[in-house]
Protein chains: 2
Amino acid sequence: MYIRRFSIPDAEYLRREIKEELARIEDDQDLHLYYSLMEFRHNLMLEYLEPLESQRIEEQPRLSDLLADIDKKQARLTGRLDYYFNFFRGMYELECREYLTAIQFFKKAESKLFFVKDRIEKAEFYFKMSESYYYMKQTYFSMDYARQAYEIYNQHTTYNIRVLQCHSLFATNFLDLKQYDEAIQHFKKAYAMAEAEQQPQLMGRTLYNIGLCFNSQGNYKPAIDYIKRAIAVFEDGKIIPSLPQAYFLITQIHYKLGNMDLARQYHNKGVSYAEEAEDSLYIMEYEFLESLYVNEPDEEAISKCFDFLKAKMMYADLEDFALDVAKYYHERENFEKASAYFLKVEETRQQIQGGVKLYEIEV
Amino acid sequence: MYIRRFSIPDAEYLRREIKEELARIEDDQDLHLYYSLMEFRHNLMLEYLEPLESQRIEEQPRLSDLLADIDKKQARLTGRLDYYFNFFRGMYELECREYLTAIQFFKKAESKLFFVKDRIEKAEFYFKMSESYYYMKQTYFSMDYARQAYEIYNQHTTYNIRVLQCHSLFATNFLDLKQYDEAIQHFKKAYAMAEAEQQPQLMGRTLYNIGLCFNSQGNYKPAIDYIKRAIAVFEDGKIIPSLPQAYFLITQIHYKLGNMDLARQYHNKGVSYAEEAEDSLYIMEYEFLESLYVNEPDEEAISKCFDFLKAKMMYADLEDFALDVAKYYHERENFEKASAYFLKVEETRQQIQGGVKLYEIEV
């Protein structure tokens, strides 16, 4: 209940209370199992799906222990418990990147969704499916589940945040389809709702994402405008961890446009935010900008940055950066180097398996 | 029944017989509707899904007429008919490239699959879903449905062809994921079954696809071996329409390796097969090879070929060819031209929306 209303302290408090109650009830095995599953849900639901790259499966022994426990008892599960079992198992397999197994469990869960009478609970399932399939790049399925979640949430004003997130899911999927206009349209709806709900984090993120769409289209003027608005919101709300990324994009655009002084200003601020947030990835990515655009390109430093991204399996970033270097040299008519970096882009592309890129934009 | 056993003449004969019977029964509307749906199925099931590019929706008025008719009567449909209605409607939407709508109807159909008691009929549904989602690039879903179809077909020796096709579906999906070794493994299983069933068309196609995988890995020696075997099977079986493609790939590989005389021999034979099969696409693609590799590159002719592919919206071929030209110039240290063609590759990539490439390898 509290989980669904996004009241984290309340949900935490309630969970502790239930745990204490359970300590006194020793006999009812089903109840204990139900509690285990609810606890699992508590952990899964509260968090956003984080970029897969940043998840360390080995650091999550609790999930697999719990699963072993649940596996044993599964025979007794029926109806609703069956739904939860399959749903959570699917989420676990997704984290392990066992996508084919994940789909099987998700489909089993969906076939038991009939036992879940609460409409909002159903919507939560559809929403998580949309998120999951977005990460698996099963674009049309992700959009179909976002639609189903949207249709339910949209009937309840208390779920405005979820409606907003559905718009963001439509938008990010459209972005994957390179249908930028549709993506922008949905991000704008999401932004209007975030503003109405006075959610600075979501406002800033949506503004940034609109900027990203315009940037992908090569429309730099509106891209800059939206990123500046995103920065203003993040700085106003002191949301430091989101600032290195926003500053990075606007810095990059200004370097590409040859606005060196402006770029330098954004660059300096971006680096200091990255250091404040201890964001080692962006510290390295700013070094890439430094190596490419400030003075003459420093290919040794560029190559160091590429190695860093390779080690982190961030092939999508690597591909984008190699393309930037290639285009830089092409414009300056240093075609030998341009051609060499274009080849690097092709090689990197071969590394990206299954369209499952290992970093994502945040929904 | 005959449809499912792949006996096309029998299926055709039976359909005519039923049609004559129906002419005498005027009253039973459900029966007529059922017949309409079966006729629809007859048409859909017998054919492979053809490459989307080659389908002309405007040439298929019968489908939409029939749909309008079925739409009106849908209220009376229940259970099994409901399943058929949603399944066929999904297939229709797929042909119209309305992917989000197609998914909705397919999911409705699946929820009614309970009413279909025949296991093979269920397998046919899973098989068509796997094919459909392969074309929509929903890779993991396609593989999951291929698995479900496979598990049923594999229990019946009379469905060896479908088991073989399931292996091909696994393989082509693995190819999309750039997991070449897994793809080759499944194609090899498919080949062994095609050989056991003495199906030259399928044997040749599978051999060609194995060659394609090796080619994608840059393993030209085994690629050449497999394509030569494919050619032998196609020529032996006088399967002319498949020959221009197989000759094209082996010609291209030999040009890339600098084996000019060998390339020239394959080139000439390939062109004559393309002319015999009146295959205008391959006639143009052989002209591309001529323009690039024979004598000095003829950029005007290359650009004519690119325009042809663009007009046909064959962006994937266009991208591959532009990349070939770029690499050709890069190797010959003409970096200015190399760089220009690499840029063209990037531009073309922006045209490919949603990963839905408009040509596909045949399953």
Quick one: go through the stretch A:140-164 and flag any residue whose amide nitrogen is under 15 Å from the point 7 Å out along the Cα-to-Cβ line of A:A196.
A:151, A:153-164
For B:K188, placing the label point 7 angstrom along Cα-to-beta-carbon and taking the stretch B:222-260, residues whose amide nitrogen sits under 16 Å are B:222-227
Tell me, what is the FRET efficiency for B:I283 and B:E121 to the nearest 0.05, using R0 = 30 angstrom and their Cβ-Cβ distance as r?
0.10
Report the GluC sites (Glu not before Pro) located in the stretch A:93-171 that are in a DSSP loop and have at most 14 other Cβ atoms inside 10 Å of their Cβ, or state none.
A:E98
About the Cα centre, charge dipole magnitude for the stretch B:118-218 (Lys/Arg +1, Asp/Glu -1 at Cβ), debye:
120
Is there a pair in B:K188/B:K256; A:K112/B:K108; A:K312/B:K221; A:K312/B:K327 whose C-alpha atoms are over 22 Å apart, and which pairs would that be?
B:K188/B:K256; A:K312/B:K221; A:K312/B:K327
Using a 7 Å offset from the Cα along the Cα-to-Cβ direction at both B:M260 and A:D82, what is the distance between the two label points in nm, to one decimal?
7.1
Heavy-atom accessible area ranking, 1.4 Å probe, most first, across A:T101, A:T78:
A:T78, A:T101
More than 21 angstrom separation, counting every C-alpha pair in the stretch B:134-216; what % is that?
25
Shielded by partner chains, the stretch B:320-334 residues - at least 30 Å² of accessible area, 1.4 Å probe, vs chain alone
B:H330
Among the GluC sites (Glu not before Pro) within the stretch B:305-350, which fall in a DSSP loop and have no more than 13 other Cβ atoms within 10 Å of their own Cβ?
B:E333
Among residues other than A:A232 whose Cβ falls under 14 Å from its Cβ, what is the net charge (Lys/Arg +1, Asp/Glu -1)?
+1
Using a 10 Å cut-off on Cβ to Cβ distances, tally the other chain neighbours for every residue of B:235-243 and report the average as a whole number.
0
Checking the stretch B:158-260 for chymotrypsin sites (Phe, Trp or Tyr not before Pro) in a loop per DSSP with at most 12 other beta-carbon atoms within 10 Å yields none
At least 10 Å² accessible surface lost relative to isolated chain, residues of the stretch B:161-208 (1.4 Å probe)
B:L177, B:K178, B:Q179, B:Y180
At R0 = 30 Å, how high is the FRET efficiency between A:E347 and B:E300 if r is their beta carbon distance? Nearest 0.05 is fine.
0.45
I'd like the FRET efficiency for A:K228 and A:S272, computed as 1/(1 + (r/R0)^6) with the beta carbon distance as r and R0 of 25 Å, rounded to 0.05.
0.90
List the distances, in nm and shortest first, from the label point of A:I161 to the matching label points in every other copy, placing each point 7 Å from Cα along the Cα-to-Cβ direction.
5.7
Rounded, prolate or oblate (a/c below 1.5 giving rounded, otherwise prolate when a/b exceeds b/c) for the stretch A:238-363 by Cα gyration tensor
oblate
Taking every eigenvalue of the Cα gyration tensor of the stretch A:207-258, multiplying by 5 and rooting it, what semi-axes result, largest first, whole Å?
19, 11, 8
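The values are calculated or read from the model by the stated rules, or taken from the named source; none is laboratory data. Treat the numbers as computed from the prediction; the structure is a model and nothing was measured. Neighbour counts are summed over all protein chains in view; Cβ atoms, including those assigned to glycine, are modelled from backbone coordinates with ideal geometry. Calculation scope for accessible area: heavy atoms of the full protein, side chains included, ligands and nucleic acids excluded. Shrake-Rupley method; radii C 1.70, N 1.55, O 1.52, S 1.80 Å.
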